[in-house]
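Enquirer: Pasting in a structure now, in structure tokens, and then I'll have a few things to ask.
Values in this text are rule-based calculations from the coordinates and carry no lab data. Remember, it's a predicted structure, so these values are computed and weren't measured experimentally. In this analysis, Cβ positions are derived from the backbone assuming ideal geometry, glycine residues included, and neighbour counts consider all displayed protein chains.
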Amino acid sequence: MHDLDGLQVAYLGVALAHYLDLETGDILDVPLDADPPGDPARFRRIPTRTAESEAEDRRIFAEELAPPEYRDALARSVDNANAFRQLLTQDRRVERAFFNFKNDRASKAIEEWLASEGLS
């Protein structure tokens with residue numbers, strides 16, 4: 001069994017490189033400019049979201065899931081992450097819904113990665 005919460009945090013984090021230790025299940029955080037840890041057969045680099053996947057999350061949420069009264073404003077700000085976040089802060093319910101949506105998408109991406117690596 002894998003630490004899906006830890007893997008999700010690693011996927012969403014972009015400040016460090018994250019590696020899954022296949023022997024222990026631990027997640028190692030390594031500076032981006034550092035060498036990977038140890039044996040490549042033991043450590044797998046956990047993928048991270050990209051700017052494109054982040055924008056895609058904003059687009060899908062704005063088009064399909066945002067409450068109607070926020071939909072147009074969010075859709076107009078999809079390409080500007082700061083403006084999008086600012087709009088979200090105007091309603092805690094909408095903000096919470098977006099972060100739940102984003103976490104669900106991250107979980108799905110991690111599950112797909114685990115399956116593609118033969119680790120599920």
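Enquirer: Mind sorting LEU119, LEU20, LEU65 by how few other Cβ atoms lie within 10 Å of their own Cβ, fewest first?
Expert: LEU119, LEU65, LEU20
Enquirer: Hey, another quick one. Length gain on complete extension for the stretch GLN90 to GLU112, per 0.36 nm per residue less the alpha carbon to alpha carbon distance?
Expert: 4.6 nm
Enquirer: Now for a different question. Assign unit charges at the C-beta atoms only (+1 for Lys and Arg, -1 for Asp and Glu), then state the dipole size of the range 4-47 relative to its Cα centre in Debye, rounded to the nearest 20.
Expert: The dipole magnitude comes to about 160 debye.
Enquirer: If you place +1 on the Cβ of every Lys and Arg, -1 on the Cβ of every Asp and Glu, and leave all else neutral, what size is the dipole of the range 56-98 about its Cα centre, to the nearest 20 Debye?
Expert: 180 debye
Enquirer: Quick one: among ALA34, ALA106, ALA81, which has the greatest mean-square fluctuation in a GNM of the chain with alpha-carbon springs under 10 angstrom?
Expert: For the chain, modelled as a Gaussian network with Cα springs under 10 Å, the answer is ALA34.
Enquirer: How big is the chain on each of its three principal axes, counting only the C-alpha atoms and giving the largest first in Å?
Expert: Here the Cα extents, ordered largest to smallest, are 51, 29, 21 Å.
Enquirer: Of LEU119, PHE99, LEU16, which is farthest towards the positive pole of the chain's charge dipole, taken about the Cα centre with +1 and -1 on the beta-carbons of Lys, Arg and Asp, Glu respectively?
Expert: PHE99
Enquirer: Work the Kirkwood hydrodynamic radius out for the range 4-47: mean of 1/r over every pair of different alpha-carbon atoms, inverted, in Å.
Expert: Across the range 4-47, the inverse of the average 1/r is 10.4 Å.
Enquirer: Where the only charges are on Cβ atoms (+1 Lys, Arg; -1 Asp, Glu), what is the dipole of the chain about its Cα centre, to the nearest 20 debye?
Expert: 480 debye
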